[in-house]
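Structure provided below as structure tokens; questions to follow.
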Amino acid sequence: MVVDVDQLDNSLVDIDVYTLTEYVSAKPLESNLEVLFTTTEHEEKPCAQLKCGENLKFPFARDSYSPVAVSILDDKELVSADAVTDTKRVVELTLDISALGDLHYDPGDTVAILPSNASKVVAQLLQRLDLTQQADSACHVRLAANCTKKSAKVPAHIPASTTPREIFTHCVALHSVPQKQFLSALASCTSDVRERAFLASLSSKQGAVHYQTLILERGLGLLDLLELCASCKPSLALLIEHLPRLLPRPYSISNSPLEGKQQLRIIYSIRARKPGVTTSMLEVKLKEQPARVFVYPRLQNAFHYTDLELPGNQILIAVGTGLAPFLGFLAHKELCQQQATGQTWLYVGAKTSQAMLKQQQLIAWQKSSVLQRLRMCYSRSSSDDEPKHVQELLEQDAEELVELLLLPKTILYVCADGAKISKSIDDCLRRCMQRVLHLDETEAVKRLKELRTQGKYREDVWL
Ligand SMILES: Cc1cc2nc3c(=O)[nH]c(=O)nc-3n(C[C@H](O)[C@H](O)[C@H](O)COP(=O)(O)OP(=O)(O)OC[C@H]3O[C@@H](n4cnc5c(N)ncnc54)[C@H](O)[C@@H]3O)c2cc1C
Ligand SMILES: NC(=O)c1ccc[n+]([C@@H]2O[C@H](COP(=O)([O-])OP(=O)(O)OC[C@H]3O[C@@H](n4cnc5c(N)ncnc54)[C@H](OP(=O)(O)O)[C@@H]3O)[C@@H](O)[C@H]2O)c1
């Protein structure tokens with residue numbers, strides 16, 4: 001039986017079941033940081049990571065760009081959530097990017113959004129740490145007076161002057177996977193004997209199986225552990241030391257720059273259960289007036305559709321929201337019909353017909369010859385059609401697909417989840433190559449590798 005970890009409730013975890021009777025506790029670590037409350041004026045910024053100065057780099061940021069607040073001009077629900085088919089809600093945002101200056105972007109480029117942790121979660125954490133009264137008091141973090149670790153330093157994502165609320169809202173990832181060392185540190189600030197034994201056992205060498213089950217597979221994070229261990233009261237300094245940075249999340253641009261350079265669109269899907277940090281934040285922002293998010297443009301890579309690619313052929317493969325960048329490609333092709341003389345084939349899978357993004361637009365693009373081939377399939381369809389994944393469509397068209405792919409001017413683009421879907425699609429392409437070109441597995445793998453090296457097989461992997 002496959003267990004859906006998202007459906008499991010923490011109250012059902014019996015910590016005694018996961019506590020070993022015999023284990024060797026990890027050696028307690030000295031705390032390397034301390035937090036000092038000060039009386040200085042605290043400078044409020046809507047995103048505290050922007051106060052960290054030059055030392056804090058924003059991953060994959062384009063040269064000379066830092067995050068700026070941009071307005072959400074419009075939001076549109078493209079797909080509504082459906083529990084029966086496990087379909088996620090999908091929303092399209094239009095952003096006013098004039099604050100980024102004269103940004104040049106191509107279809108396929110991405111922007112990063114700075115997330116923040118939910119205010120309710122932050123308030124609960126502050127309460128647990130007995131910091132509710134001091135939540136907005138100015139403080140600064142420094143190396144502890146007794147710190148002996150040579151490599152110890154104050155993390156670059158903590159501003160010189162800040163507040164506990166700012167740190168928890170903007171700087172640290174509260175939902176990260178707790179490392180064993182962190183669990184051991186949490187044990188050392190847990191007063192109840194049973195709860196302390198649970199955390200210490202989980203962090204011990206002997207507790208590896210339980211760590212695998214509870215932390216890695218079931219996904220228990222700091223907040224779940226605090227819920228299970230009511231007497232665990234870590235200090236602010238300890239959490240700053242062990243929680244990683246709250247990192248920006250990438251989103252694909254889903255329009256053509258020719259539609260108006262000062263605006264861009266992105267599309268996100270949000271899980272109904274245990275929604276992610278950034279997507280939850282976006283849902284809250286949509287209700288605010290004015291609605292703003294911090295955004296920066298990410299470095300460009302080969303997953304794009306520029307003047308160089310316009311005259312060639314494209315094979316586009318996507319699942320679900322992975323269609324987002326290709327909507328930008330197709331809108332661009334429509335606006336550049338003079339130069340865009342090649343074939344464009346789109347293969348896309350969704351859970352149901354209702355979950356297919358912009359289906360009418362796709363059909364219109366096929367009618368107006370922006371798309372020469374449009375192949376759609378549904379994995380949870382209730383119609384007479386057998387449920388399908390996109391690989392079945394690729395296998396059905398294998399002969400023509402491989403023929404088009406091997407033309408010098410053809411580029412294959414895949415946008416999917418790197419965890420498993422990209423791999424399944426890659427396996428399928430390999431099988432198509434084997435069948436059509438009469439290759440053995442090793443030869444087909446080599447051919448696909450060559451196509452990647454030649455820039456004819458490009459992937460956008462949504463980790
Ligand atoms: C190059 C690139 C481009 C991307 N473009 C887009 C895009 O255009 N649209 C888009 O929606 N996402 C896109 N993503 C994914 C996006 O960056 C985020 O990872 C996603 O929105 C979830 O962020 P979160 O902070 O809400 O979830 P987190 O808090 O980071 O998520 C917690 C866990 O839940 C999973 N998760 C959360 N939400 C979802 C979801 N909706 N579906 C499946 N798993 C989920 C995460 O993988 C993680 O394991 C892209 C990723 C990359 C690397
Ligand atoms: N890591 C992240 O944070 C993140 C965030 C957003 C999206 N994504 C990924 O981006 C993609 C699109 O997102 P989404 O939310 O729109 O997806 P989704 O609705 O969850 O799934 C889209 C389609 O992909 C199918 N699928 C599942 N496994 C597959 C496989 N091995 N091979 C081919 N198809 C498969 C699904 O079929 P079933 O009905 O069989 O499931 C469904 O039809 C997904 O890959 C998703 O996981 C990742």
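Percent of accessible area on the range 173-289 owned by carbon and sulfur, 1.4 Å probe? Don't skip to the end; give the middle numbers.
Working: 2670 of 4990 Å².
Whole-percent figure for carbon plus sulfur exposure: 54.
To continue, here is another question. Need one number: % antiparallel among DSSP beta bridges in the chain, to the nearest 5. Present the calculation step by step, with values, prior to reporting the outcome.
Numbers: 37 of 60 bridges.
Of the beta bridges lying entirely in the chain, close to 60 percent run antiparallel.
Can you work out the accessible area per residue across the range 285-414, with the rest of the protein chains kept in place, probe 1.4 Å, in square angstrom?
Counting only protein heavy atoms, the per-residue value for the range 285-414 is 45 Å².
Rounded to the nearest whole Å², what accessible area per residue is found for the range 85-151 with the 1.4 Å probe? List each step's numbers first, then the result.
Numbers: 3120 Å² over 67 residues.
Result: 47 Å² of accessible area for each residue.
Relative to the longest principal Cα axis of the chain, at what angle does helix 193-203 sit, 0 to 90 degrees, rounded to 10?
Approximately 40 degrees, to the nearest ten.
Would you mind checking which residues have amide H under 5 Å from LEU33's amide H? H placed 1.01 Å from N; only 5 or more apart, or other chain.
Correct list: ALA144.
Right, another one. Given the Cα-Cα distance of SER231 and THR341 and 0.36 nm per residue of separation, how much length would full extension add, in nm?
Values: separation 110, 0.36 × 110 = 39.60 nm, distance 6.73 nm.
Full extension of this stretch gives 32.9 nm more.
Could you tell me how many degrees, from 0 to 90 and to the nearest 10, lie between the Cα long axis of helix 324-335 and the main elongation axis, the longest principal axis, of the Cα atoms of the chain?
Rounded to the nearest ten degrees, it is 40.
Right, next: In terms of solvent-accessible area of protein heavy atoms at a 1.4 angstrom probe, what is the ranking of TRP365, TRP462, highest value first? Kindly include the intermediate steps, with their values, before the conclusion.
On the way: TRP365 10, TRP462 85 Å².
Result, largest first: TRP462, TRP365.
On to the next question. Taking the chain as the reference, fit the longest principal axis to its C-alpha atoms, fit the long axis of helix 119-128 to the helix C-alpha atoms, and give the angle between the two in degrees, 0 to 90, nearest 10.
20
Here's another thing I want to ask about it. Order these peptides, 137-148, 420-431, by their mean beta-carbon neighbour count within 10 angstrom, highest first. Each step should come with its number before you reach the end.
Numbers: 137-148: 13.9, 420-431: 17.9.
The most tightly packed comes first, giving 420-431, 137-148.
Explain nothing, just the number: dipole magnitude of the range 149-242 about its Cα centre with +1 on each Lys and Arg Cβ and -1 on each Asp and Glu Cβ, in debye rounded to the nearest 20. Don't skip to the end; give the middle numbers.
Values: 10 positive and 7 negative charges, 79 e Å.
Rounded to the nearest 20 debye, it is 380 debye.
In whole percent, how big is the carbon plus sulfur part of the accessible area of the range 390-463, probe 1.4 Å, protein atoms only?
Values: 2110 of 4000 Å².
Here carbon and sulfur together make up 53 percent of the probe-accessible area.
Could you sort MET433, MET376 by their accessible area in this structure, using a 1.4 Å probe and putting the largest first?
Working: MET433 0, MET376 55 Å².
So, going from the largest accessible area down, we get MET376, MET433.
Would you mind getting me the FRET efficiency between ALA99 and LYS420? Use the beta-carbon distance for r and R0 = 30 Å, nearest 0.05.
E between ALA99 and LYS420, to the nearest 0.05, is 0.20.
Might you report the magnitude of the Cβ-based charge dipole of the range 232-316 about its Cα centre, with Lys and Arg at +1 and Asp and Glu at -1, to the nearest 20 debye?
Details: 12 positive and 6 negative charges, 105 e Å.
Dipole magnitude for the range 232-316 comes out near 500 debye.
Taking 8 Å as the Cα distance limit and 6 or more residues as the minimum spacing, I'd like the relative contact order of the range 1-159 as a percentage.
On the way: 123 pairs, mean separation 57.0, N = 159.
Computed value for the range 1-159: 36 percent relative contact order.
Among the listed pairs LYS76/LYS388; LYS205/LYS233; LYS57/LYS274; LYS27/LYS150; LYS285/LYS423; LYS149/LYS233, which have their C-alpha atoms separated by more than 26 angstrom in this model?
Details: LYS76/LYS388 28 Å; LYS205/LYS233 24 Å; LYS57/LYS274 29 Å; LYS27/LYS150 18 Å; LYS285/LYS423 34 Å; LYS149/LYS233 24 Å.
LYS76/LYS388; LYS57/LYS274; LYS285/LYS423, as the Cα separations exceed 26 Å there.
Could you tell me the center-to-center distance, by alpha carbons, between the range 31-63 and the range 304-368 in angstrom?
First find each Cα centre; the distance between them is then 41 Å.
Here's another thing I want to ask about it. How much mean residue ellipticity at 222 nm does the chain get from its helices, if each DSSP H run of length 4 or more adds -39500 (n - 2.57) and you divide by all residues, to the nearest 500 deg cm²/dmol? Intermediate values should be presented prior to the final figure.
Working: 12 runs with 118 residues, N = 463.
Calculated from helices alone, the mean residue ellipticity at 222 nm is -7500 deg cm²/dmol.
Using a simple spin-label model with points 7 Å from Cα along the Cα→Cβ vector, what separation in nm is obtained for GLU283 and VAL84?
If labels sit at GLU283 and VAL84, their model points lie 2.1 nm apart.
So what are the range 112-237's ellipsoid semi-axes, whole angstrom, largest first, if each one is the square root of 5 times an eigenvalue of the alpha-carbon gyration tensor? Please report the intermediate quantities before stating the final value.
Details: eigenvalues 126, 63, 50 Å².
Values for the range 112-237, descending: 25, 18, 16 Å.
Still on this structure, I have one more. What Cys residues in the chain have no fellow cysteine's beta-carbon under 4.7 angstrom?
CYS47, CYS52, CYS139, CYS147, CYS171, CYS189, CYS336, CYS377, CYS415, CYS428, CYS432
The values are calculated or read from the model by the stated rules, or taken from the named source; none is laboratory data. Just so you know, these numbers come straight off a predicted model, no measurement behind them. Every residue, glycine as well, gets a Cβ built from its backbone with ideal geometry; the counts of neighbours run over all protein chains shown. Surface areas here come from the heavy atoms of the whole protein model, side chains and all, with no ligands, DNA or RNA. Shrake-Rupley method; radii C 1.70, N 1.55, O 1.52, S 1.80 Å.
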